[in-house]
Amino acid sequence: MAKIFSLMGEILVDNTNANSAIDATTKKGKDQAKTFGEKFGDVTKTVGKVATAVVGTATAVVGGLTAMATKTAEYSGSILDASRKTSISTDMLQKLKYAGEQSGVSFEELTGSAVKFNKVFSDAATGNKANIKTFENLGIAINDSSGKARSSSDVYNDVILKLAKMGDSAEANALGNDVFGKSFANLKPLLAEGAGGIEAFKQQASDLGLVMSDTAITAGDNLGDTIDSVKASFGGIFNQLMGAIIP
């Protein structure tokens, strides 16, 4: 009987120790859980802040790239449209655009003069005697050695440089008006730079990477068309939704 009580006492003692160990373990677990929770909360907050920063940065980057792409598309479209209107190459137009802007001549004024020039040049190339005489007086050949008409870009550039060399003389004004009509007056700030100054501006445009290739210009114009199509598509979706809601 004594052994039984002794055994029960040992069990109770062991049980007490076990309970104490369990309580201690539970408390420690709770403390660790609490600590983990707090740490996890801190980590979550930190991750949240980082995620917000990343999303904000990504949004800014995407927005910036979109704006740049749109601007490039608009620029490409304006150059390509001007080239088609004037028959002047995109390369020459971009160089002269920069030269004009540096001297106070807008791109619109430059392309306006090119449109008038192209009419006079085309007429001369097809046999208009008065216009042929104008180019002869300038000392500029409109045909190459084989008798084929030279490119509008080359002849236009030659005319600009020749008038710039002649300075603001009566002869230069007369010839300039014959080639460019009323738009000749708009070109005078550019011509005042002299042939050397104009060539330096053109070279600077290339050196600064401002001259896009024909391929890049075409791609940029296509991008602009795509952006316009997407905008039109969203506009159409909005109109369809509103059409369904209004009734």
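Overview of results
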quantity: Residue among LEU80, LEU110 that alone is at pLDDT 95 or above and either touching a strand residue (DSSP E or B) at 6+ places or on another chain (Cβ under 7 Å) or part of a helix (DSSP H, G or I) (or both); calculated: LEU110
quantity: Qualifying residue in the range 135-142 (condition: β-branched (Val, Ile, Thr) and without any contact (Cβ under 8 Å) to a residue 40 or more places away in the chain); calculated: yes
quantity: Residue match in the range 146-156 (condition: of a type in the set (Val, Ile, Thr) and either at pLDDT below 95 or in contact with an Asp or Glu (Cβ under 7 Å, 6 or more places away or on another chain) (or both)); calculated: no
quantity: Selection from the range 133-157 of residues that are in a helix (DSSP H, G or I) and open to solvent by less than 50 Å² (accessible area, probe 1.4 Å); calculated: THR134, PHE135, LEU138, SER152, SER153, VAL155, TYR156, ASN157
quantity: Tally, over the range 95-104, of residues that are over 19 Å from GLU74 (Cβ atoms) and surrounded by fewer than 22 Cβ atoms within 10 Å (Cβ to Cβ); calculated: 3
quantity: Flag if PHE180 is surrounded by 14 or more Cβ atoms within 10 Å (Cβ to Cβ) and over 15 Å from LYS97 (Cα atoms); calculated: yes
quantity: Condition met for LYS162 (loosely packed, with under 14 Cβ neighbours inside 10 Å and of a type in the set (Lys, Arg)); calculated: no
quantity: Every residue from the range 206-220 that is in a helix (DSSP H, G or I) and crowded, with 20+ Cβ neighbours inside 10 Å; calculated: ILE217, GLY220
quantity: Members of the range 150-181 that are more than 31 Å from the chain's Cα centre (by Cα) and in contact (Cβ under 8 Å) with a residue 60 or more places away in the chain; calculated: VAL179, PHE180, GLY181
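The values are calculated or read from the model by the stated rules, or taken from the named source; none is laboratory data. Because the structure is a prediction, the values reported are computed rather than measured. All Cβ positions, even for glycine, are placed from backbone atoms using ideal geometry, and neighbour counts span all protein chains on display. For accessibility, only protein heavy atoms count, side chains too; no ligands or nucleic acids. Shrake-Rupley method; radii C 1.70, N 1.55, O 1.52, S 1.80 Å.
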